[in-house]
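The values are calculated or read from the model by the stated rules, or taken from the named source; none is laboratory data. Bear in mind that the values here come from a model prediction, so they are computed numbers and not experimental data. Ideal geometry is used to build each Cβ from the backbone, glycine not excepted, and the neighbour counts take in all protein chains shown. Ligands, DNA and RNA are excluded from the accessible area calculation, which covers all protein heavy atoms including side chains. Shrake-Rupley method; radii C 1.70, N 1.55, O 1.52, S 1.80 Å.
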Amino acid sequence: MKPPRKRFQNIIITVIVAWLMLFVFIPNLMIIGTSFLTRDDANLITMVFTLENYTRLSDPLYASVLLHSLNMAVTATLCCLLIGYPFAFILARLPEKIRPLLLFLLIVPFWTNSLIRIYGLKIFLSTRGYLNEFLLWAGIIDDPLRIMYTSQAVVLGLVYILLPFMVLPLYSSIEKLDNAYLEAARDLGANKWQSFIRIVIPLTMPGIIAGCLLVLLPAMGLFFVADLMGGAKNLLIGNVIKSQFLNIRDWPFGAATSICLTLVMGLMLFVYYRAARLLNKKVDLE
């Protein structure tokens with residue numbers, strides 16, 4: 001007879017596997033199968049095999065949306081990196097008594113639905129929002145700034161939502177950084193900038209890559225940010241998928257688009273895996 005602990009472990013593993021099969025594996029198989037079927041106005045799909053849904057993705061219209069989406073996602077990722085790296089570096093160098101409080105304040109926004117936060121940001125940045133009212137009251141501007149419904153507003157919304165995803169892996173890497181390397185660099189005559197470029201950046205590269213992936217991948221699919229902040233001219237690839245399923249009712253093409261997005265994400269994760277292995281080998285050799 002198996003001991004109670006072993007039986008409990010087997011039950012937990014079975015539940016997890018069943019959950020993944022039911023809510024991850026099977027739905028993804030259904031999406032893959034739907035992407036090779038044909039649209040039907042009456043029944044949404046008809047069991048006729050076709051590759052047209054994937055060939056349509058080469059259409060210049062959808063290609064431009066994908067490139068525009070990738071451009072905004074990369075811009076948001078770089079902004080998160082430029083803001084998040086100094087924040088994570090300073091946070092990791094603060095006394096240990098203060099760090100838990102600051103990390104708690106960083107995570108607190110996750111307790112509020114991201115859609116509600118985007119609505120709050122929209123009210124703050126609108127033409128008659130608090131930001132414009134303050135700038136007009138202070139005499140800094142004469143006319144309200146038009147921030148909403150631009151690509152910059154979409155990037156700002158993405159940064160606002162995804163910045164913690166950049167800070168946390170960066171903080172984890174910087175916190176593990178051995179100060180002995182920096183002391184050795186100072187003994188060898190390196191200044192702070194040289195130590196940062198040649199020691200800190202390479203040793204924290206896994207955190208940088210992980211943070212960039214955690215921001216870049218979701219940024220391409222947060223369609224509600226583009227809907228609320230960017231208007232009709234600043235679409236993400238997630239908006240195309242949403243409109244195909246809910247508005248146009250072309251489920252096969254929406255499924256094909258989501259599969260292509262998944263493949264792009266998988267390729268990026270593979271690049272991260274290879275980069276992490278190369279960095280680990282380099283560190284081991286040194």
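What a 1.4 Å probe finds exposed on the chain is 69% carbon and sulfur by accessible area, rounded to a whole percent. Considering only Phe49, Ser172, Trp111, whose Cα is most displaced toward the positive end of the charge dipole of the chain, charges sitting on Cβ of Lys, Arg (+1) and Asp, Glu (-1)? Most positive-ward Cα: Ser172. Applying 0.36 nm per residue to the separation of Ile201 and Asp143 and subtracting their alpha-carbon distance, the gain on full extension is 16.6 nm.
Computed about the Cα centre, the dipole magnitude for the stretch 81-231 is approximately 120 debye when only Lys and Arg (+1) and Asp and Glu (-1) carry charge, each at its Cβ. Less than 5 angstrom separates the built amide H of Ile45 from those of Asp40, all sequence-distant by 5 or more or on a different chain. Ligands, DNA and RNA excluded, the heavy atoms of Tyr272 present near 70 Å² of accessible surface to a 1.4 Å solvent probe. Excluding ligands, DNA and RNA, the accessible surface per residue across the chain is 63 Å² with a 1.4 Å probe. Projecting the Cα atoms of Ala92, Ile197, Leu70 onto the charge dipole of the chain (Cβ charges, centred on the Cα centre) puts Ala92 farthest toward the positive pole.
Treating only the Cβ atoms of Lys and Arg (+1) and Asp and Glu (-1) as charged, compute the dipole magnitude of the stretch 186-286 about its Cα centre; round to the nearest 20 debye. Write out the running numbers ahead of the final one.
Values: 10 positive and 5 negative charges, 38 e Å.
Its charge dipole is roughly 180 debye.
For the chain, what is the relative contact order in percent, using Cα pairs closer than 8 Å and at least 6 residues apart in sequence?
Details: 281 pairs, mean separation 76.7, N = 286.
Result for the chain is 27 percent.
Legend: calculated FRET efficiency, Trp193 to Met30, from the Cβ-Cβ distance at R0 = 45 Å, rounded to 0.05, equals 0.25.
Sort out for me the Cα centre separation of the stretch 181-223 from the stretch 49-79, rounded to whole Å. So the two Cα centres are separated by 29 Å.
Each Cα pair under 8 Å and six or more residues apart adds its separation to the average, and for the stretch 144-286 the resulting relative contact order is 28 percent. Charge dipole (Cα centre; +1 on Lys/Arg Cβ, -1 on Asp/Glu Cβ; no other charges) of the chain amounts to roughly 880 debye. Counting lysine pairs in the chain whose alpha carbons fall under 28 angstrom apart, excluding pairs fewer than 8 residues apart on the same chain, gives 10.
Which whole-number percent is the relative contact order of the stretch 1-159 (Cα, under 8 Å, 6+ apart)?
On the way: 68 pairs, mean separation 26.0, N = 159.
Answer for the stretch 1-159 is 16 percent.
In the stretch 16-110, taking the dipole from charged Cβ atoms about the Cα centre, the farthest positive-side position among Leu102, Leu82, Thr38 is held by Leu102. A full extension of the chain between Leu278 and Leu20 corresponds to an added length of 89.8 nm, given 0.36 nm per residue minus the alpha carbon distance. Where the centre of each part is set by its Cα atoms, how far does the stretch 232-249 sit from the stretch 136-169, in angstrom? First find each Cα centre; the distance between them is then 23 Å. So which helices of the chain fit the span-like rule, where a helix is a whole DSSP H run, its Cα atoms reach 30 Å or more along the axis, and its mean Kyte-Doolittle is at least 0.5? The qualifying helices are 60-93, 151-175, 251-285.
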